[in-house]
Amino acid sequence: MHPISGGRSAALSVMLAASLAGAPALAADRDVAGVRVPEQLSQGGQALVLNGAGVRTKFVVKVYVAALYTTAKSSDAQAVINSATPRRIRLQLLRDVDSKSLDDALQEGLRDNTPKQELAALQAPANRLSRLMADLGTAKAGDEVDLDFDARGVTITANGTQRGRFDSPDFARALLRVWLGDNPAQASLKKALLGN
C-alpha cells in the first residue's frame, strides 16, 4: 500500500467515524417522564427542533408531557408567541383526562393570560375550542395532541387526525400564552418549554 494513500484512507476513516458518531446524537430522542420526545419534527415540510419539554402536574399527579418545537431554539417566550414561523406544542397524555377537564384547563389558561377586551373579541374561537374538546371525548393515557401554530392561526390534531383549524393569529397567540404567558398553566413547565 502506498504510504500516502494509506494515510488518506486512515484520515477518511477517522472523518467517517466522527460524522457517524455525531449522527445519532442529532436524531436522538429525549426521555421525559418515560415518554419518548423526538429532538426533531417536520411541520408542513419545515424542520422543527425541540425547544424544550416538561411535565404538567396537577395536585402532584402527572397529567401530560408537553414539548415545544420551533424553527430555531429560543428562551424568549414573547418571541415564540409572536413568531410567524411554524411552531408546535405536543401534548402526550400520561393519564386519562375527560374532555371537560381539558377544556376547563385551556379556558382558564386563556382567561389568565388574555386581557379582558381581547378575550371578549376571541369568544367565538374560544367557544369553538370547547366544542372541539367535547367532540374529542376522553383523552386516554398515551394519546398525542398536536397544536400546530403558523402565521395564520393554529391547527389541532389528535393521534394524527386533524380535528380543527382556527384561522386567527390572535387566537393562536392567546392559546400559546396558556403555556408561555405571564400566568402560565405551570411556571416550571414554561421554563422547561423554553429550555431553561
- For Ala11, state whether it is in a helix (DSSP H, G or I) and modelled with pLDDT of 75 or more. no
- Item | Subset of the range 142-196 [more than 20 Å from Lys58 (Cα to Cα), in a helix (DSSP H, G or I) and either more than 15 Å from the chain's Cα centre (by Cα) or in contact (Cβ under 8 Å) with a residue 24 or more places away in the chain (or both)] | Pro169, Asp170, Phe171, Arg173, Ala174
- Message: Looking only at residues that are basic (Lys, Arg) and surrounded by 17 or more Cβ atoms within 10 Å (Cβ to Cβ) in the range 65-91, which one is farthest from the chain's Cα centre (by Cα)?
- Response: Arg87
- Task: Name the residue, out of Thr161, Thr114, Thr85, Thr155, that is in contact with a Lys or Arg (Cβ under 6 Å, 6 or more places away or on another chain) and more than 18 Å from Val65 (Cα to Cα).
- Result: Thr155
- Message: Please determine whether any residue of the range 108-121 is open to solvent by 30 Å² or more (accessible area, probe 1.4 Å), of a type in the set (S, T, N, Q) and modelled with pLDDT of 95 or more.
- Response: yes
- Query: Among Lys100, Lys73, which is the only one that is basic (Lys, Arg) and part of a helix (DSSP H, G or I)?
  - Reply: Lys100
- Looking at the range 125-138, is at least one residue among the charged types (D, E, K, R), in contact with a strand residue (DSSP E or B) (Cβ under 8 Å, 6 or more places away or on another chain) and modelled with pLDDT under 95? yes
- Message: Can you say whether Ala77 is on the phi > 0 side of the Ramachandran plot and in contact with a Leu (Cβ under 7 Å, 6 or more places away or on another chain), as far as the supplied structure shows?
- Response: no
- Query: Within the bounds of the range 128-140, is there any residue that is over 16 Å from the mean Cα position of the chain (by Cα) and in a strand (DSSP E or B)?
  - Reply: yes
- Query: Has the range 32-45 got at least one residue that is open to solvent by 80 Å² or more (accessible area, probe 1.4 Å), farther than 21 Å from Leu180 by Cα and modelled with pLDDT under 95?
  - Reply: yes
- How many residues are open to solvent by less than 10 Å² (accessible area, probe 1.4 Å) and small (Gly, Ala, Ser) if we restrict to the range 170-196? 3
- Check off (1) surrounded by fewer than 16 Cβ atoms within 10 Å (Cβ to Cβ); (2) hydrophobic (A, V, I, L, M, F, W, C); (3) within 27 Å of Gln78 (Cα to Cα) for Leu147 and give me the number that stays unchecked. (1)
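The values are calculated or read from the model by the stated rules, or taken from the named source; none is laboratory data. What you see is a predicted model, and the numbers here were worked out from it, not measured in a lab. Cβ atoms come from the backbone with ideal geometry, glycine included; neighbour counts cover every protein chain shown. All accessible areas refer to the heavy atoms of the entire protein, side chains included, with ligands and DNA or RNA removed. Shrake-Rupley method; radii C 1.70, N 1.55, O 1.52, S 1.80 Å.
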